[in-house]
Amino acid sequence: MKYWTSFACVALLAGTALGSAQAAGLTVGFSQIGSESGWRAAETTVTRQEAEKRGIDLKFSDAQQKQENQIKAVRSFIAQGVDAILIAPVVATGWDAVLSEAKEAEIPVVLLDRTVDSDKSLYFTAVTSDTVYEGKVAGDWLVKTVGDKPCNVVELQGTTGSSPAIDRKKGFDDAIKAHGNFKIVRSQTGDFTRAKGKEVMESFLKAENGGKNICALYAHNDDMAVGAIQAIKEAGLKPGKDILVVSIDAVPDIFKALAAGEANATVELTPNMAGPAFDALDAFLKGKKEPAKWIQTESKLFTQQDEPLKVYELKKGLGY
């Protein structure tokens with residue numbers, strides 16, 4: 001396996017120990033999308049913590065939501081001769097060339113929390129949740145909660161072209177399509193940000209009789225939901241009651257909203273994608289076989305019945 005030969009040799013030459021110390025002394029580049037959400041900030045914090053715990057020199061690059069910045073960062077990492085590269089890709093397409101360059105340089109690439117539309121041979125593994133399943137969990141909750149009553153849904157989509165936005169929409173659509181009482185009446189990107197979520201929700205409310213025609217809001221992440229909750233309150237309605245709110249990520253602020261009765265459900269996306277990524281690299285360095293091309297993390301549903309303030313206390317120190 002010529003592709004991975006140089007990476008394996010690094011560990012042998014370094015004389016590293018088994019276990020988490022195996023990766024000590026390695027240099028890993030991390031191309032992060034940016035900080036468009038609380039979850040994204042937590043992923044960055046946890047990735048730094050996981051690297052420090054293992055003695056890895058982590059070189060960090062913030063792409064500020066621009067793919068061209070990520071591609072520049074990856075090429076810089078390749079030029080520096082890092083031992084591995086982590087990428088949280090801003091969009092799914094346009095990666096073939098730079099991934100091929102990393103492969104030619106025999107530097108393994110791990111995708112974090114998002115996937116790409118490239119041949120799987122171009123990357124080492126992808127550590128993500130099942131984002132289609134996340135959307136389905138949200139949709140299943142809404143179907144169960146609303147029952148047979150007519151329900152007009154407005155949808156705040158994530159960044160256009162990103163794999164979570166595509167998949168979370170598909171999963172939700174799959175969950176409600178067999179139930180004719182549900183109809184998505186408005187769907188627009190909120191770009192995964194709180195400010196944009198509020199702005200787009202304001203337009204939804206105006207277009208739907210001040211919000212009186214809206215049964216539920218489905219947001220592709222919690223930050224957009226928190227912004228939308230503020231817009232609903234400013235419109236004189238009660239979020240969580242007049243308009244049901246279900247979203248994805250499980251960031252701390254959504255648990256405060258759940259405790260206040262202003263949100264109804266969230267699906268957790270763990271911010272610790274780097275831990276499983278580093279574990280996979282460790283296992284490879286110890287001479288084991290390559291990992292599966294997809295390492296799946298858990299997607300857990302939280303509602304107002306799950307002691308949200310206790311969950312908030314557990315999460316608030318994670319860098320969200």
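Every number here is computed from the coordinates shown, using simple stated rules; none is lab data. Everything quoted here is computed from the prediction, not taken from an experiment. Glycine gets a Cβ as well: all are built from the backbone with ideal geometry, and neighbour counts include every protein chain shown.
In the structure shown, do any of 206/233; 136/315; 53/288 have a Cα-Cα gap over 19 Å, and if so which?
Beyond 19 Å between Cα atoms: 136/315; 53/288.
What is the spin-label model distance, in nm, from residue 233 to residue 187 if the labels are put 7 Å beyond Cα along the C-beta direction?
3.0 nm
Measure off 7 Å from each Cα along the Cα-to-Cβ vector at residue 293 and residue 307, then give the distance between these two points in nanometres to one decimal.
Once both label points are built, they end up 4.2 nm from each other.
Helix-only mean residue ellipticity at 222 nm, the chain, DSSP H runs n ≥ 4 weighted -39,500 (n - 2.57), per residue, nearest 500. What is it?
The helix contribution divided over the chain gives -13500 deg cm²/dmol.
Once label points are set 7 Å from the Cα along Cα→Cβ at both residue 35 and residue 106, what is their separation, rounded to one decimal in nm?
Rounded to a tenth, the inter-label distance reads 3.8 nm.
By per-residue mean of other Cβ atoms within 10 Å, what is the highest-first order of 223-231, 170-178, 146-154?
Per-residue mean Cβ counts within 10 Å order the peptides as 223-231, 170-178, 146-154.
Given a Förster distance of 51 Å, report the FRET efficiency between residue 241 and residue 121 from their Cβ-Cβ distance, rounded to the nearest 0.05.
0.50
Build a GNM of the chain with springs between Cα atoms under 10 Å: which of 196, 288, 238 gets the top mean-square fluctuation?
Result for the chain, Cα springs under 10 Å: 288 fluctuates most.
Quick one: of 66/120; 170/196; 66/238, which pairs are farther than 30 Å apart, Cα to Cα?
66/238
Extension gain residue 272-residue 148, at 0.36 nm per residue separation less the Cα-Cα distance, in nm?
Full extension of this stretch gives 40.9 nm more.
Using 0.36 nm times the number of residues separating residue 212 and residue 96, minus their current alpha carbon distance, what extension gain do you get?
37.1 nm
Provide the three semi-axes, in whole Å and in decreasing order, of the ellipsoid equivalent to the chain as defined by the square roots of 5 times the Cα gyration tensor eigenvalues.
39, 19, 17
Among 88, 133, 225, which residue has its Cα positioned farthest towards the positive end of the charge dipole of the chain, with +1 placed on the Cβ of Lys and Arg, -1 on the Cβ of Asp and Glu, and the dipole taken about the Cα centre?
225
State the extension gain, in nm to one decimal, for the chain segment bounded by residue 66 and residue 52, taking 0.36 nm per residue of separation less the distance between their alpha-carbons.
2.4 nm
How high is the relative contact order of the range 246-320, given as a whole-number percent (alpha carbon pairs under 8 Å, six or more residues apart)?
Normalised by residue count, the contact order of the range 246-320 is 44 percent.
What are the GluC sites (Glu not before Pro) within the range 55-144 that DSSP puts in a loop, where the Cβ has at most 12 other Cβ atoms within 10 Å?
In loop regions of the range 55-144 (DSSP not H, G, I, E or B), there are no sparsely surrounded GluC sites (Glu not before Pro).
Could you list the residues of the range 149-183 with an amide nitrogen less than 16 Å from a label point located 7 Å from the Cα of residue 203 in the Cα-to-C-beta direction?
Counting backbone N atoms under 16 Å from the label point, the list is 154-161.
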